[in-house]
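Below is one structure, written out as structure tokens, with a few remarks after it.
The values are calculated or read from the model by the stated rules, or taken from the named source; none is laboratory data. Quick caveat, the model's predicted, so the values are computed rather than measured. Please note: Cβ atoms are built from the backbone with ideal geometry, for glycine as well, and neighbour counts cover all protein chains shown.
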Amino acid sequence: MERTTPSKLSRLRSDSTLAATPPPTPGFTGPRRSSRLLTSPGPTKLDSDDAPSSLPTPIPSSTKAKRRLSLESPTTDPVTPIRSESKRPKRTTVQYKKVVLGDVEFQVGDDIYVKKQGSVESESEDPDVEECRVCFTPASKSKIMIECDDCLGGFHLQCLKPPLRKIPEGDWICSFCTDKKDGKEVVWPEPPEGKKIKRTAREKLLSGDLHAACIKSIWRETDGTYWLRCVWYRTPEETAAGRQPHNLRRELYRTNDYGDVVINSVLRHCYVMNPEEYQRASDDGDDIFYCEYEYDVNYHNFKRLPDIDDNYAENDESSDYEGDSDGDSDNDDRSLRGTSSNRSRSKVLAANSRKGRAYWLPKIAESKTQENRKRRKQSKLEKASAALSLASRPTSPPCRNKEMEEIETFVKGAIGGQECLGRCLYIHGVPGTGKTMSVRAVMRNLKSEVDSGVLRSFCFIETNGMKLSSPNNIYKNIYEQLSGHAVGWKKALHCLNEHFSNGKKLGKKDQKPIVLLIDELDMLVTRNQSVLYNILDWPTRPNSKLIVIGIANTMDLPEHLSPRISSRMGIQRLCFLPYNHEQLAQIILSRLKGIDAFEDNLIELACRKVAASSGDARRALQICQRASVLAEYRVKQIADAKAKGKSRVCLTDIEGALDEVFKSPHIQRMKMCSKFGKIVLTAMVNELHRTGGEELTFEKLSERVISLCSMHHEVFPGYDTLMRACCLLGDGGIILCEEPKKHMSQKLQLNCSSGSDDVALALKDCSETPWLSLYL
Amino acid sequence: MEVSEQAAIALRQLRERLCSRTLAHSLLQFSSDNNFSKLKFHISSSISAACSKVLLLRGDKGSGKSAVVELVLKDLKAEHPDFFSVVTLYGLLHSDDDISALEEIARQLCVGHKFSFSKTVSLDENKEFLMDMLKEYGLARKTVVFVLDEFHLFTQGKQWLLYTLFDAMETFTSQSIIIIGLSCLEGSEQQLEKRVRSRFSSCTLLFGPPSEEDRRILLEQLLYLQKDPSLASKYVVEFNSRLDKIFSDKKFKEILSYVTCADGSTNHLLRFLFAASSYMDMESGFLSLQSFDSAYSLMKRQPKFASLHDLSVLELYILVCMHRLQCKEETSYNFNSVMKEYKAIQDAHKTSDNYSHAVCLRAFEHLLDRELISFTDTKGRNDSIKFRPVKLLVSSRELDSSLKANSSCPTILQKLIDHESYM
């Protein structure tokens, strides 16, 4: 049993943090792995005064655990030991957030190497300093090592043949690997006498002699041993699909397989990163790994890990965590979910029912992972359109600092003091001015303040009036988010009333103040306005600790409501004015930072157009995105490799995008009308112009059409065909017509904003029937 | 082989092609810069870039919107198998309430994955199911394509479905939800509610009638017989060369321009060709100009005009009377005033067509049933027919020509109407 000494651990840590081992990034076009600038791996000053708070005494139980583990995981698979009842964390066990072993701190959420039981490696071996594959000495300041992107072996620059002066740009593959690829015999240099090739922890992990895991919880057994519950990682070789060609060398998969390990089998930290972090970590040491997918051990399929900023995932995790800390048996449910308990369920529930979902949904996943499409080299235009899409939202909205400050002071004022008083804030503004986004950004900021301990913790609940099937369902929604139970709305209303007026306990989050964000508040207005009354009445009760933030479009919503509601809504209002064109340009430019895809002044053109009409940021983004897509399509049609590289969005693209949004589509549609349809339109304009009215009857129209036809030697196809043509125009929305049953007295009307001018514009130069222009 | 047998086989081959929903549109997909390639580019680019998109396809009825969507999705399905699921909703069926649309979405998603599906779950459960599915799809890097047929019907009422979908497109990052709206009504996006509209951005594809060149391609590809083991090659050559002759005929071009003048859409053309194929001469086994001509006369049928032709004399009298009343600028008239006019004519001209009041009422009711005349108002159903105001639904020109065409029409009626119109 290896018992790492503090001194050694400190070295390990310095190594892993300071040693600059470039990760292989074969597909990445972004940051290039940098040199292996190994500083001296000697011991450095660590926070050694950070006294070990709890030193585990591992001797008796660790051996037991070791035996147990060795019994159950003899294969390469990190099989979760079947947990006997006695080993389950009881309520008596103490949960920790971090444990210090030696002077290395293990926290919940950290990634660790876990030793495999029964490995034959000698314990004395130092697995942390990587040596050159040629001369078998570690790197030093003078001797820089670079890493092969294929075999991950390190080489001194000098030891290469021919030696390299500096780190080459792009991917580098060592001569051994290229030889191997060419089918040549490869002879690796033999190590000098008395020295054997040492393997680093990374190599051991990738060859399956170590495991990696992520700590989910830490507790102490009654006998004083420390245990960790971990989620295992797997290497691509350990999955059913095997290693696929696009897998990175350092790629791992997170599994949904949980396991308990005793703390002594932990080797040290490793760093498993998501793609973005990995891309940034160019020289963060040897122990970094790439993880993009979760591997389902039951279904043998893959699922992408959610992005960190995903609100939903955050919520899930926090609630899970709370369940854990309360000593609930949530953990067991979750680990069981992975096992066969669901599969063996005799009665299979429907997938769209609430209970059946957990069984069916895991099946939607890929059987093989796809190559990350983001890793592929993107053209400038593709990058631009991705950055401009509405889904890719920046962390903080630009140009809304003042409003955000106001929201922040409001929330802080409400929850900051000793007494948490209920309050209301009404936010209004036209769509697309960043209302919801600002509130969310403020909440994120406050959350980080809570995490750092500056602010009291609070609970943030978000609902949207548009997404409720009926206004009453908001009670249900709120109650479910508060307590986690789904009940009918009447029961939910009752419980919420109890909670806010009497302080009755409700779920687990009851002590905290609650910030309730209601988007699209106006959708909650019912005939007797009881829903709004109830919700706005809660903050006024003592001990409610409820803060309501309502968002809607109309400025004077409180004035439309009955006085008892508007008085409860209070006077605190916040207005989001439409963006002006400078702000819009700033928003777009902030997203396009580093992407030179637009020609000069085009963004300003689009922003001015949008600012003049609505000031809707979404619209401006959409126009620019649309323009970049148009440009992309144009470039694709050219199919000239030279032109492709330097293509940018030009004036025609942005004009096309603006036309799509602002121009009336009727004109194009009129141009596409059938010949007879055009004659009908002309006759209509002519007749309307003559009478000066807004509408005309079918009888008048038919007279006109017949006279036009006879004058220009067209065959009049008959009343029924005329009626048919009118109906087609009516279906297309070009004209408005009554139902054809009325026949002669059917009323017809042009359906364009500028009436006859549009028709004139559309039909002026019609090649089929040039005489039409005489009448326009 | 007998000629008639060969003709039957040939006819079957033609009809198979003419009745296929997508064949005609797939023939046009190779012409440059068409909607097929644009749509395919948009969908496949957003699948590969994992970004969401709204596509709006607009065009007249029968211009092949849904057929093109079908083709593109089929094509993509072959390229990326099990990469995306398609949910198709029809505005007429699913736009009126949340329940039916959500249930349909859940059902189609379940069927697509061979999940079991329950009809009895509540609306909220279905909604949660949709959201969970979208999340799972995002994690599994799959795409959901929502095809909303009759898109303009979804833009009415509360529009919660569009809001939910658009909001999901914003919320779930790195996920592609593609919404394809098919609409023949112009300006349907104007009806969107302001907050839905703010989230709505679409690229629009416009579907128009086929061009002259496209139409030629269609005719040739659809009507030329293909080589078939069951057909004698001599027959095929003969059939095609005759068609060639017809296509270059001036008369045929005239017929074609008449057919397409009111409705130039592809489907209308197909319908015409199908009618023409039905007039194929089975004795000789060839399509002739005659068959196209009779197909055209079938297409240009005028039901209103035809129903005027076989009216009885009394009914014609009543129509003329009503027309006279209209010309006298009497704004409102009912059966009694029509009868007064009728009696006046009878008194003045002493014709043999003097019928009793009851018979006239029968004729009047008959006209009402034929919708040649109608009540001006929908209210007052309980009143007697005699007193309800009525109006004429045929124009004087139509009436005039029908009187001329009717052989049993008394001359006095024609005189009366001529007198009225040239007064």
* Asked: Which is among the polar types (S, T, N, Q), in contact with a Pro (Cβ under 7 Å, 6 or more places away or on another chain) and assigned to a helix (DSSP H, G or I), of A:SER438, A:SER385?
  -> A:SER438
* To do: Consider only pairs whose beta carbons are under 6 Å apart and that are at least six residues apart or on different chains; among these, list those whose first residue lies in the range B:125-151 and is facing chain A (nearest Cβ under 10 Å) and whose second residue is among the β-branched types (Val, Ile, Thr).
  => B:LEU130/B:ILE105; B:GLU136/A:ILE364; B:TYR137/B:VAL144; B:ALA140/A:ILE364
* Residues (of a type outside the set (Val, Ile, Thr), within 14 Å of another protein chain (Cβ to nearest Cβ) and not in a loop (DSSP other than H, G, I, E, B)) located in the range A:734-748 -> A:LEU736, A:CYS737, A:PRO740, A:LYS741, A:LYS742, A:HIS743, A:MET744, A:SER745, A:LYS747
* Of all residues in the range B:201-216 being assigned to a loop (DSSP other than H, G, I, E, B) and surrounded by 15 or more Cβ atoms within 10 Å (Cβ to Cβ), which is farthest from the other protein chains (Cβ to nearest Cβ)? -> B:PRO210
* Scan the range A:404-424 and give yes if some residue there is touching a Leu at 6+ places or on another chain (Cβ under 6 Å) and modelled with pLDDT under 85, otherwise no. => yes
* Since A:ARG690 meets every condition but one in (1) surrounded by 17 or more Cβ atoms within 10 Å (Cβ to Cβ); (2) among the charged types (D, E, K, R); (3) more than 14 Å from chain B (Cβ to nearest Cβ), which condition does it not meet? -> (1)
* Filter result for B:LEU182 (of a type in the set (A, V, I, L, M), away from chain A (no Cβ under 11 Å) and either more than 20 Å from B:SER44 (Cβ to Cβ) or not in a loop (DSSP other than H, G, I, E, B) (or both)) -> yes
* Structure fact -> The one condition B:ARG197 fails out of (1) within 23 Å of the chain's Cα centre (by Cα); (2) within 9 Å of chain A (Cβ to nearest Cβ) is (1)
* To do: Scan the range A:566-581 and report the pairs whose first residue is on the phi > 0 side of the Ramachandran plot and whose second residue is at pLDDT 85 or above and outside any loop (DSSP other than H, G, I, E, B), with Cβ atoms within less than 7 Å and a gap of 6+ or a chain change.
  => A:GLY570/A:CYS424
* Note down all Cβ pairs under 7 Å where the first residue falls in the range B:78-97 and is under 16 Å from B:ALA50 (Cβ atoms), the second is surrounded by fewer than 17 Cβ atoms within 10 Å (Cβ to Cβ), and they're at least six residues apart or on different chains. => B:SER85/B:GLY112
* Asked: Residues A:LEU361, A:LEU349: which one is modelled with pLDDT of 70 or more, in a loop (DSSP other than H, G, I, E, B) and farther than 30 Å from A:CYS650 by Cα?
  -> A:LEU349
* Asked: Has the range B:75-85 got any residue that is out of contact with any Leu (no Cβ under 6 Å at 6 or more places or on another chain), of a type outside the set (S, T, N, Q), modelled with pLDDT under 85 and part of a strand (DSSP E or B)?
  -> yes
* To do: Go through (1) buried (at least 21 other Cβ atoms within 10 Å of the Cβ); (2) free of Cβ contacts under 8 Å to residues at least 60 places away in the same chain one by one and return the number of the condition A:THR697 breaks.
  => (1)
* Structure fact -> Note on the range B:286-309: residues within 30 Å of B:SER352 (Cβ to Cβ) and in contact (Cβ under 8 Å) with a residue 24 or more places away in the chain are B:LYS304, B:PHE305, B:SER307, B:LEU308, B:HIS309
* Give just the number: which of (1) surrounded by fewer than 13 Cβ atoms within 10 Å (Cβ to Cβ); (2) under 30 Å from B:SER241 (Cα atoms) does B:PHE292 not satisfy? => (1)
* Report yes if some residue within the range A:245-253 is farther than 25 Å from A:PHE155 by Cα and either at pLDDT below 80 or within 24 Å of the chain's Cα centre (by Cα) (or both); otherwise report no. => yes
* How many residues, within the range A:396-444, are in contact with a Cys (Cβ under 9 Å, 6 or more places away or on another chain) and not aliphatic (A, V, I, L, M)? -> 4
* Structure fact -> Those residues of the range B:217-268 which are touching a residue at least 12 places away in the same chain (Cβ under 8 Å), away from chain A (no Cβ under 14 Å) and of a type in the set (Ser, Thr, Tyr) amount to B:TYR224, B:SER230, B:TYR235
* To do: Would you list the helices (runs of 4 or more DSSP H) that sit entirely within the range B:320-423 and hold 2 or more residues that are β-branched (Val, Ile, Thr)?
  => B:335-349, B:411-421
* **Subset of the range A:751-773 that is outside any helix (DSSP H, G or I) and within 12 Å of chain B (Cβ to nearest Cβ) - its residue that is surrounded by the most Cβ atoms within 10 Å (Cβ to Cβ)** => A:CYS752
* Could you list all residues from the range B:45-67 that are modelled with pLDDT of 85 or more, over 13 Å from the mean Cα position of the chain (by Cα) and of a type outside the set (Gly, Ala, Ser)? => B:VAL54, B:LEU55, B:LEU56, B:LEU57, B:ARG58
* Asked: Of the residues A:LEU736, A:LEU748, which is over 13 Å from A:THR682 (Cβ atoms) and crowded, with 20+ Cβ neighbours inside 10 Å?
  -> A:LEU748
* Asked: When the range B:156-179 is examined, which residues are found to be at pLDDT 85 or above and outside any helix (DSSP H, G or I)?
  -> B:ILE177, B:ILE178, B:ILE179
* Got a sec? Which helices (runs of 4 or more DSSP H) wholly within the range A:585-686 have at least 3 residues that are free of Cβ contacts under 8 Å to residues at least 60 places away in the same chain and away from every other protein chain (no Cβ under 14 Å)? -> A:602-613, A:641-645, A:651-662
* From the options B:SER332, B:SER352, residue that is out of contact with any Pro (no Cβ under 7 Å at 6 or more places or on another chain) and small (Gly, Ala, Ser) -> B:SER352
* Residue satisfying condition, being β-branched (Val, Ile, Thr), touching a strand residue (DSSP E or B) at 6+ places or on another chain (Cβ under 7 Å) and either within 30 Å of A:TRP489 (Cβ to Cβ) or crowded, with 21+ Cβ neighbours inside 10 Å (or both), within set B:VAL72, B:VAL86, B:VAL54 -> B:VAL54
